[in-house]
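To start, the structure under review is shown below, and the notes come after it.
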Amino acid sequence: AGLGPAAVGSAPNAAVFFCTYDSVKRYAIGSLGYQDTAQVHMAAATTGEVMACLIRVPVEIVKQRRQASAANTSLEIVRSTLKTEGLRGFYRGYLTTVAREIPFSLIQFPLWEFLKKQLAETKGSAIKPWEASLCGAIAGGFSAAVTTPLDVAKTRIMLAAAGSADAKLNTITVMQVVAKEKGIGGLFAGVTPRVTWISIGGAVFFGVYEKAKSVLAEKV
């Protein structure tokens, strides 16, 4: 359940993020004269997340509700959300998602760039796409583990009934409620599948990204 929305939204979400990330990096380094530093990577990743979440959040809304209510199809959930909450219903939890994704990217992308640089220096040559993919898996898995409490809060807000108290809470408050109800362990519920899934996703997306860059560079 929820696989359909995730599959449909995955490609455009990744495309928007990486196009934004790469464009901001190129502009900052090429036009503004900044060095290729972790700060530039952080700024590019932050901008990319803000843009990508415009696609990611509606997909997450449908996916989460599909998983919570197996009796309804994705299309039925879309219609129900539009009828009861309007277009804004698809962006419930947008700020919470951004608040989760930005810290995630602030850790993941500088770490990914750092691992690539260290690997290239160790080898004495440019790294290959599959090596960048491996760096992406490590960076993604570590970032996923650290930001799991933010993901728990995001999920709780998205699944809350329209107009309920949980639907109106902010990220920090939800995390406090979860910690009070279930302890620190509750904030890390689902950490293992989250780390596994994002590590695999990181390997795929970063590998494809680096391969696409290398292919395009050869043709330009």
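Report every pair of residues separated by at least 6 positions or lying on different chains whose Cβ atoms are under 9 Å apart, first residue within region 24-45 and modelled with pLDDT under 90, second charged (D, E, K, R) and crowded, with 18+ Cβ neighbours inside 10 Å.
Once the first residue is modelled with pLDDT under 90 and sits in region 24-45, its partners that are charged (D, E, K, R) and crowded, with 18+ Cβ neighbours inside 10 Å give ASP36/LYS25; ASP36/GLU113; ALA38/GLU113.
Filter region 157-175 down to the residues that are surrounded by 20 or more Cβ atoms within 10 Å (Cβ to Cβ) and within 18 Å of ARG65 (Cα to Cα) and list them by number. Don't jump to the end; show me each part of the working.
Our first condition is that a residue be surrounded by 20 or more Cβ atoms within 10 Å (Cβ to Cβ); within region 157-175, this holds for 157-158, 171, 174.
Within region 157-175, ILE157, MET158 meet the criteria.
If I ask for residues that are closer than 25 Å to SER23 by Cα, out of contact with any Leu (no Cβ under 6 Å at 6 or more places or on another chain) and open to solvent by 20 Å² or more (accessible area, probe 1.4 Å), which ones from region 38-71 would you list?
ALA38, GLN39, ALA43, THR46, THR47, VAL50, MET51, LEU54, ILE55, ARG56, PRO58, VAL59
Among the numbered conditions (1) under 16 Å from the mean Cα position of the chain (by Cα); (2) open to solvent by less than 20 Å² (accessible area, probe 1.4 Å); (3) closer than 25 Å to THR173 by Cα, tell me where GLY89 comes up short.
(1)
Suppose we filter PHE114, PHE104, PHE188 for residues that are under 20 Å from the mean Cα position of the chain (by Cα), open to solvent by 30 Å² or more (accessible area, probe 1.4 Å) and either polar (S, T, N, Q) or under 24 Å from VAL208 (Cβ atoms) (or both); which single one remains?
Answer to the selection: PHE114.
On the given criteria, is LEU134 modelled with pLDDT of 90 or more, open to solvent by 70 Å² or more (accessible area, probe 1.4 Å), of a type in the set (A, V, I, L, M) and more than 20 Å from GLU101 (Cβ to Cβ)?
Yes.
Do any residues in region 53-73 that are more than 26 Å from PRO103 (Cβ to Cβ) have Cβ atoms under 6 Å from those of residues that are among the small types (Gly, Ala, Ser), where the two are at least six apart or on different chains, and which pairs are they?
ARG66/ALA1; ARG66/GLY2; ARG66/SER74; ALA70/ALA1
The values are calculated or read from the model by the stated rules, or taken from the named source; none is laboratory data. Please read these numbers as outputs of a predicted model, since none were measured by experiment. Neighbour counts are summed over all protein chains in view; Cβ atoms, including those assigned to glycine, are modelled from backbone coordinates with ideal geometry. The accessibility values were calculated without ligands, DNA or RNA, using every heavy atom of the protein model including side chains. Shrake-Rupley method; radii C 1.70, N 1.55, O 1.52, S 1.80 Å.
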